[in-house]
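What follows is one structure encoded as C-alpha cells, with my remarks underneath.
The values are calculated or read from the model by the stated rules, or taken from the named source; none is laboratory data. Predicted model, so just to flag it, every value in this text is computed and none were measured. For neighbour counting, all protein chains shown are included, and Cβ atoms are generated from backbone atoms with ideal geometry for every residue, glycine included. These accessible areas exclude ligands, DNA and RNA; they are computed on the full protein's heavy atoms, side chains included. Shrake-Rupley method; radii C 1.70, N 1.55, O 1.52, S 1.80 Å.
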Amino acid sequence: MPRISAFLSNVLRLTVLLACLAGEEPVAAQESRDRDKSPSQSTPVAGEAQSRYLPPGGQPSGTYKLGITPRNTDTGVQILQVAAGSVAQRSGLEPNDMIVNVAGYQVGLVGGRLYDIGDELAKRVDSRGNVSLLVRNSRDGKLINVPVQFTSSLWSISGEIAAADRGNPGPNAVVTVRLLDITRPQWTTNAIAEVSFSAQGRWPLAYRMDFDPSLLQSGHQYALEAKLVERGLILMQTIPVAKINLNTSTTRSNLKLISTGIRPTGNSLSPSAQITQWYQQYLGRPASPREISAWESDLKSGGSLQKVQASLLSSSEFYDQQNDNPERFVNEVYTAVEGTPPSPELSQSLRSDLEKKPSSRQQLVLDLLKKHESKPK
C-alpha cells in the first residue's frame with residue numbers, strides 16, 4: 001500500500017507539472033490573477049464589443065468618485081456619510097448601506113487584503129460611465145443591485161489666486177478652492193467640488209478644479225470660494241465669494257484673497273479671534289462687529305467660550321446649512337468637535353437623542369464638547 005500511495009502522489013505531481021508547462025495553472029492562482037484584471041484585460045463577453053470598456057489599466061482611482069465616506073470591512077465597504085449632490089446620493093445610496101462588490105468583484109477586506117473601492121471603480125466602470133454595485137440595503141438587510149452612472153467627461157475651472165497681503169504663506173499653509181451652490185443664502189457651505197494644494201510659492205498661485213457637470217442644476221447660482229489655512233486657522237479668504245457663470249466645459253476665473261485679521265501667533269487665540277475663527281469655520285462667513293461685541297459682553301458677564309462654540313454649532317444658521325437634515329446635522333457637529341465622523345451606531349444614537357427633544361440642539365452640542373474636553377490629551 002505505501003508503494004501505491006507514493007506512486008499516486010508522484011502521478012499527481014507530474015500532472016500538475018504538465019498542466020503548468022501547458023500554460024494552465026491551479027484554480028486558486030487563476031482566480032487571483034482574474035481578480036486583479038480590469039474588464040478590458042478579461043475575455044470579452046460574447047456579442048459585446050470590447051471597445052465598451054476602458055483602455056487596459058483603467059483610469060486613475062480618483063477619476064470616479066462616489067462621494068462617500070467609506071469604512072472597509074471584511075464584508076464590504078460600509079458607507080458612513082454620503083455627500084450632498086454626489087453620484088452616491090443620485091444613485092440612492094444612504095449611510096449604513098454596505099457595498100459588497102463592484103461589477104461582481106468584492107471590495108473592502110478580502111482574505112486579509114484591501115481592495116479599495118476607488119481602484120475597483122477605475123477598473124470596472126465602462127466607457128459610458130456605467131457600473132453596477134451589489135449593495136446590502138441598511139433599511140431591510142436585503143441585497144440589491146444598484147446601477148451607477150458617472151459622467152464620462154469632467155468640466156474644469158482654472159485661474160490664478162492673488163492676495164491683498166503680499167506676504168508669502170508659511171511652509172504649512174494650504175489653499176482650498178470650493179465651488180458653492182449659493183441659490184439659497186444659507187447654503188454657504190454647500191460645496192459641489194473642491195481642490196486643496198500647498199500654498200508654497202509666490203503669488204499669484206495657479207489652480208485648477210475638475211467637477212462633474214451633472215451636479216449643476218438649472219436655475220441655480222454658483223460661486224467660488226478660496227481660503228488660505230495654516231495650522232487650522234483661516235488666515236485669508238475671498239470676501240465675498242466670487243459668483244461664476246458655468247456655461248461651458250472650461251471656465252477661467254481669477255480670485256483674490258483678503259486677510260481675515262487672524263495670525264498664527266503661538267498655540268492659542270484671543271477670545272475674539274477664536275470666535276471669528278468659528279464663524280468662518282462653521283458658518284462660512286465673517287462675524288459682524290456687532291456679533292463680536294455681543295459675545296465679548298457675554299464673556300465679561302461670566303459666559304464661556306464653550307457656550308459660544310455650542311451656540312454657533314446649534315444655531316439655526318448652521319442647521320439650515322445641513323438642509324434641515326437631523327442626520328447630517330449630528331454627523332457634521334460630531335465631525336466639527338472630534339475631527340472625524342461618528343460611527344453609524346453613534347450617529348444613530350445622537351439622532352435618536354435629537355428626535356426625542358428637537359429643541360435640545362444646544363444641549364446635545366454642549367454634551368459633545370464636554371466629553372471631548374474630558375478626554376486625555
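Shape of the range 203-356 from its Cα gyration tensor (a ≥ b ≥ c, root eigenvalues): rounded if a/c is under 1.5, otherwise prolate when a/b > b/c, or oblate? Write out the running numbers ahead of the final one.
Working: a/c = 2.00, a/b = 1.20, b/c = 1.66.
Taking the square roots of the gyration eigenvalues as a ≥ b ≥ c, the range 203-356 is oblate.
Going through the cross-link list Lys300/Lys357; Lys142/Lys357; Lys65/Lys356; Lys307/Lys357; Lys300/Lys370; Lys307/Lys375, which pairs have a Cα-Cα distance over 25 Å in this structure?
On the way: Lys300/Lys357 31 Å; Lys142/Lys357 32 Å; Lys65/Lys356 35 Å; Lys307/Lys357 19 Å; Lys300/Lys370 21 Å; Lys307/Lys375 18 Å.
In this structure, Lys300/Lys357; Lys142/Lys357; Lys65/Lys356 exceed 25 Å between Cα atoms.
Quick one: compute the contact order of the range 75-132, relative version, from alpha carbon pairs under 8 angstrom and 6+ residues apart, as a percent. Write down the numbers at each step before the final one.
Working: 69 pairs, mean separation 17.5, N = 58.
Relative contact order for the range 75-132 comes out at 30 percent.
Please give the peptides 123-133, 245-255 ranked by average Cβ packing (other Cβ atoms within 10 Å per residue), highest first, as a rough proxy for protection. Numbers along the way, then the final one.
Working: 123-133: 18.5, 245-255: 13.0.
The densest-packed peptide leads the list: 123-133, 245-255.
Kindly rank 285-291, 144-150, 116-122 from highest to lowest mean number of other beta carbons found within 10 Å of each residue. Provide the component values of the computation, followed by the final result.
Values: 285-291: 13.3, 144-150: 15.0, 116-122: 20.3.
Sorting 285-291, 144-150, 116-122 by mean packing, highest first, produces 116-122, 144-150, 285-291.
When ligands, DNA and RNA are left out and all protein chains stay put, how many square angstrom of accessible area per residue does the range 321-369 have with a 1.4 Å probe?
Details: 2330 Å² over 49 residues.
Averaged over the residues of the range 321-369, the accessible area is 48 Å².
Around Gln221, under 13 Å between beta carbons, what's the net of Lys plus Arg minus Asp minus Glu among the other residues?
On the way: positive: Arg184, Lys243; negative: Asp181.
Overall, the nearby charge balance is +1.
Could you order the peptides 349-355, 328-334 from most to least packed, using the average number of other C-beta atoms within 10 Å per residue? Intermediate values should be presented prior to the final figure.
On the way: 349-355: 15.4, 328-334: 22.7.
The peptides rank, most packed first, as 328-334, 349-355.
Tally Lys/Arg at +1 and Asp/Glu at -1 over every other residue whose Cβ is under 11 Å from the Cβ of Leu179; what's the total? Don't skip to the end; give the middle numbers.
On the way: positive: Arg178; negative: Asp181, Glu194, Asp210, Asp212, Glu225.
Surrounding charge for Leu179 is -4.
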